[in-house]
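Enquirer: Can you keep this structure in mind? I'll have questions shortly.
The values are calculated or read from the model by the stated rules, or taken from the named source; none is laboratory data. Note that this is a predicted model, so its numbers are computed, not measured. Backbone-built Cβ (ideal geometry, glycine too); neighbour counts: all protein chains shown.
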Amino acid sequence: IQEARQWFQDRGSMRKQLEQDSMFGRYKGANVIMIQLEAFQNFLIGQKVDGQEVTPNMNKLIGESLYFKNFYHQTAQGRTSDADLAANISLHPLPSGSVFIRFAQNRYDSMPDTLKDNGYATGAFHAYDGGFWNRNAMYSTLNYDKFYSTKSFTIDEPLGWSLGDRSFFQQSVDLMLSKQQPFYSFMVSLSSHHPYTLPASVQTLDVGEFKGTIFGDYLEAAHYVDDSLGDLMDRLKAEHLWDKSIFLFYGDHDNSIKEWEPFEKFLGRSLTELDRINIPKQVPLIVHLPDGAKAGTYEQVGGQLDAAPTVLHLLGISTADKTMAGMPLITDKPLAGKKVVFRNGGYTDGSQFYMPSDDYIAEHAQCLDVTTGQQVAPDTCKSGADEARQELIASDRVIEHNLIKTFRAER
Ligand code: GP9
């Protein structure tokens, strides 16, 4: 308990120091609209297929937003629920199972709970069975005012597992409009779920040589999601919410397509060792600030655990005493030495990338220099790997022993 307490106190002190930063509290009182996009990987951004942009709306948004191109998902077996845990609770998933299912009764220092304490109306939106990934129980633990599951939506655009994202986003805005401001709305999309087959009526991209393949279907689904997101942004502008809200989205996890050939064809090059690590792990993080400030493409590494600390930093809500493992990414200066830690014990700090052996990526552990893409002496990654292990141990202890309850009792 003492070790875990100390680890999180140290992390909280690091965040405390950043409260001097000019971005801390710059958007105090803004609404927050955060979207978790199903299986949405970073390699799609800015790419074309047969001359057509796959993500035209996102590409355009990047011109007026912060785009983190070295942003990683940190999920494990709990997939979508792990991404939600990482982004809203800033703790790591466990080595097995889903925290949403195994530890839904714990206390957590979550973004919805923290925002509610600060006067926000909070809502989670996902047009599917509320029991999936145990969301009903977990969202009640996280203290959302309301979880809008499939029962709250009219299925007027049946697609894939449920309601199409286009209608899902629009109906979610209808629901948001009935809320007091400021609000926090967390939306979880679904239309780009494996195996990605959408009806011909919504396939508007000519995927050429990928037609009839799962990779081609994935591109179609991504294009549909991008288009739905474009409609959502137009609607938020029309409703005068756009310039009153921090709007951000990230991908939840990889697309489970475990062959490299279509990626190589799509990207028009053979993949390096580093590509094979990065492609399945990188998801986009795009953040639009109410005044469009700080637009640009950022090299700073980050991961899903950084989402909640980033948003709370912008709102000027201290996370110094929160049991969160992430760090704010939107600050005056890039964070020196910032690491993204993965559930398998791997990490990257933007200079090195350490990956333990993995059936899919490589047979042996790899310690790569990110600039050259070359293997370096394994010892180069040793201290980083030790720190990654400490972070995972601290996070696991908190979850497995419900330590936030203990820590809160001590406050
Ligand atoms: C279902 C959705 C899918 O509610 O979140 O989760 P996944 O299968 O991607 O983990």
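Enquirer: Can you tell which of Y224, Y184 is more than 16 Å from the ligand (Cβ to nearest atom), in a helix (DSSP H, G or I), among the hydroxyl-bearing types (S, T, Y) and under 19 Å from L248 (Cα atoms)? It would help to see each step written out before you state the result.
Expert: On the way: Y184 fails: in a helix (DSSP H, G or I).
Just a single option satisfies the conditions, and that option is Y224.
Enquirer: How many residues does the range 232-269 contain that are over 15 Å from F215 (Cα atoms), outside any helix (DSSP H, G or I) and without any contact (Cβ under 8 Å) to a residue 40 or more places away in the chain? Let's see the steps before the verdict.
Expert: Taking the range 232-269 first, the residues over 15 Å from F215 (Cα atoms) are 232-253, 269.
Subsequent filtering for residues that are outside any helix (DSSP H, G or I) retains 239-241, 245-253, 269.
From what is left, the residues that are without any contact (Cβ under 8 Å) to a residue 40 or more places away in the chain are 240, 269.
The total comes to 2.
Enquirer: Please find, among L175, L159, L190, the residue that is of a type outside the set (D, E, K, R) and within 13 Å of the ligand (Cβ to nearest atom). Even if it seems obvious, please write down each step before you answer.
Expert: On the way: L175 fails: within 13 Å of the ligand (Cβ to nearest atom); L159 fails: within 13 Å of the ligand (Cβ to nearest atom).
Testing whether each residue is of a type outside the set (D, E, K, R) and within 13 Å of the ligand (Cβ to nearest atom) leaves just L190.
Enquirer: Find the residue count for the range 23-62, including only residues that are at positive phi and within 16 Å of the ligand (Cβ to nearest atom). Outline the logic, then answer.
Expert: Kept after step one, since they are at positive phi, are these residues of the range 23-62: 25, 29, 39, 46, 50-51.
Then keep just the ones that are within 16 Å of the ligand (Cβ to nearest atom); that gives 39.
The qualifying residues number 1.
Yes/no per residue for (1) crowded, with 18+ Cβ neighbours inside 10 Å; (2) out of contact with any Pro (no Cβ under 7 Å at 6 or more places or on another chain); (3) at pLDDT 95 or above; (4) not hydrophobic (A, V, I, L, M, F, W, C):
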| residue | (1), (2), (3), (4) |
| --- | --- |
| G208 | no, yes, yes, yes |
| E220 | yes, yes, yes, yes |
| V225 | yes, yes, yes, no |
| E239 | no, yes, yes, yes |
| E261 | no, yes, yes, yes |
| L267 | no, yes, yes, no |
| D291 | no, yes, yes, yes |
| G303 | yes, yes, yes, yes |
| A308 | yes, yes, yes, no |
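Enquirer: Checking D254 against (1) within 14 Å of V54 (Cβ to Cβ); (2) within 16 Å of the ligand (Cβ to nearest atom), which single condition isn't satisfied?
Expert: (1)
Enquirer: Suppose we filter V370, V398 for residues that are at pLDDT 95 or above, surrounded by 14 or more Cβ atoms within 10 Å (Cβ to Cβ) and closer than 30 Å to H288 by Cβ; which single one remains? Write out each step before concluding.
Expert: Numbers: V398 fails: closer than 30 Å to H288 by Cβ.
Selected residue: V370, the only one of V370, V398 that is at pLDDT 95 or above, surrounded by 14 or more Cβ atoms within 10 Å (Cβ to Cβ) and closer than 30 Å to H288 by Cβ.
Enquirer: Which condition number in (1) outside any helix (DSSP H, G or I); (2) farther than 30 Å from A104 by Cα is the one that D379 fails?
Expert: D379 satisfies every listed condition except (1).
Enquirer: Restricting to the range 195-216, name every residue that is in a helix (DSSP H, G or I) and under 28 Å from I33 (Cα atoms). Don't jump to the end; show me each part of the working.
Expert: First, the residues of the range 195-216 that are in a helix (DSSP H, G or I): 200-202, 208-210, 214-216.
Across the range 195-216, the qualifying residue is only V202.
Enquirer: Another question about this same structure. With the condition kept exactly as written, say whether any residue in the range 63-83 is within 22 Å of D349 (Cα to Cα), among the aliphatic types (A, V, I, L, M), surrounded by fewer than 24 Cβ atoms within 10 Å (Cβ to Cβ) and within 16 Å of the ligand (Cβ to nearest atom). Write out each step before concluding.
Expert: Of the residues in the range 63-83, the ones within 22 Å of D349 (Cα to Cα) are 66-76, 82-83.
Still in the running and among the aliphatic types (A, V, I, L, M): 66, 76, 83.
Going one step further and asking which of them are surrounded by fewer than 24 Cβ atoms within 10 Å (Cβ to Cβ), we end up with 66, 76.
If we keep only those that are within 16 Å of the ligand (Cβ to nearest atom) as well, we get 76.
Looking for residues that are within 22 Å of D349 (Cα to Cα), among the aliphatic types (A, V, I, L, M), surrounded by fewer than 24 Cβ atoms within 10 Å (Cβ to Cβ) and within 16 Å of the ligand (Cβ to nearest atom), one finds at least one in the range 63-83, hence yes.
Enquirer: Of all residues being part of a helix (DSSP H, G or I) and either surrounded by fewer than 24 Cβ atoms within 10 Å (Cβ to Cβ) or β-branched (V, I, T) (or both) in the range 84-99, which is farthest from the ligand (Cβ to nearest atom)? Just the residue, please.
Expert: I89
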